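In what follows, a single structure is set out as structure tokens and then discussed.
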Amino acid sequence: MDTNAQHFWTGCNESELRFQRCAVCNNAQFFPRGHCLICSSDHVEWQTSKGIGTIYSATRVERAPTDEFRALAPYAIALVDLDEGVRLMAHANLTLKIGDRVRVTFFAHHNRSIPRFEPL
């Protein structure tokens, strides 16, 4: 696993939703990279999100793509705009719709803590 991704997943295991911010241009970004997408600086730093945001888009998954997630179906996947300025994809409560305010929680699945958004 990529070291940037590992830092994200370690955060999830500690109930922290982590993202990167560029120390040069202040760009907030997700998913993790070794450089800033805006200015290409390699001075990106990890920050912990407050885990609050707004649903940008959501879909209901009826047929899981792998055996690992089959037991969870049906489940929702959402794009969430975090208040810190990044958008990420994560599991979500099935009742959520576009524009809903949400907060992150975490659930254990196959020896990993996975982020899931719930109504605020």
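Have a look at the chain and give its Rg and Dmax from the Cα atoms, expressed in angstrom.
Looking at the chain, its Cα Rg and Dmax stand at 14.7, 44 Å.
Suppose we take every Cα in region 53-112 and form the convex hull; what volume per residue is that in Å³?
87 Å³
Can you give me the % of accessible surface on the chain that is carbon or sulfur? Probe 1.4 Å, all protein chains present, nothing else counted.
Looking at the chain in its full context, I get 49 percent from C and S.
Once R0 is set to 22 Å, what does the formula 1/(1 + (r/R0)^6) return for the Cβ-Cβ distance between residue 73 and residue 101, expressed as a FRET efficiency to the nearest 0.05?
0.25
Taking only protein heavy atoms into account and a 1.4 Å probe, give the accessible area per residue of the chain in Å².
Details: 6940 Å² over 120 residues.
In whole numbers, the chain has 58 Å² accessible per residue.
If a cysteine in the chain has no other Cys Cβ under 4.7 Å from its own Cβ, put it on the list, ordered by number.
Singleton cysteines: 12.
Once you keep just the Cα pairs under 8 angstrom separated by 6 or more residues, what percentage relative contact order results for the chain?
Taking the mean separation of contacting Cα pairs over the length of the chain, I get 23 percent.
The values are calculated or read from the model by the stated rules, or taken from the named source; none is laboratory data. All figures in this text were calculated on a predicted structure; none of them were measured in a lab. Here Cβ is always computed from backbone atoms with ideal geometry, including for glycine, and neighbour counts include all displayed protein chains. Note: areas computed on protein heavy atoms with side chains; ligands, DNA, RNA excluded. Shrake-Rupley method; radii C 1.70, N 1.55, O 1.52, S 1.80 Å.
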